[in-house]
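For reference, the structure is listed below as structure tokens.
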Amino acid sequence: AKRRRQEAVKRAAKNSREKKPSIASNEQPRRGGSFTGGDAPDGPGNGPAFSRRSLPWPVGSRTIIHKFGASTNPTTKVTTENLGIGIKTARGTSVSTVSGGVVSLVHWLPGYGSLVIVDHGNGIRTVYANLSSVLVGEGQPVKAGEAVGRSGESVDGEYVHFEIWHDREKLNPSEWLN
């Protein structure tokens, strides 16, 4: 499963590079700072601005059932790393992109179910997983608030998994959602 996820991430990065030119940026995310995307559908260099507590939630619920980072199962004592957050929401709820971009990957992955990765430019990507259905295709431009899929259900219950990446760094979505 881990190898499949790594292959999916590599494919998403490759798809992003092949579908549009990259735009160099000297901006880097900083603690408490912000960064901008560059290749949003509204034109190169005019990408979305991401700053702490500025992004809308991908679903109406704000109940986090799986936190970002390492957690240890109290029964099995196994520690796992969550690269995003799990947001509790009823199965079939519309899941919307938090900012404009281009869909770089639509894939199914064990443990994540159907997932969508949106490339916002300059190394900024968001991941929407545990989807019961997908409403977009690879290479499709999407606007902020556009539905990319419907939330699903797993052994952990009904929720959507959400991640924010800047290049290879996985950011805590809780710090970026308003």
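Summary table
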| item | result |
| --- | --- |
| DSSP-assigned coil residues among trypsin sites (Lys or Arg not before Pro) in segment 109-178, each with at most 10 further Cβ atoms within 10 Å | 168 |
| Cα-based shape type of segment 70-176, given that a ≥ b ≥ c are square roots of the gyration tensor eigenvalues and the cut on a/c is 1.5 | oblate |
| Segment 121-162-segment 57-104 distance, computed between alpha-carbon centres (Å) | 11 |
| Whole-Hz ³J(HN,Hα) from phi, Karplus 6.51 cos²θ - 1.76 cosθ + 1.60, for segment 71-85, glycine and proline x | 9, 10, 5, x, 7, 8, 6, 8, 9, 10, 10, 9, 7, x, 10 |
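Every number here is computed from the coordinates shown, using simple stated rules; none is lab data. Remember, predicted model here, so these are calculated numbers, not experimental data. So basically every Cβ, Gly included, is an ideal-geometry build from the backbone, and we count neighbours across all protein chains shown.
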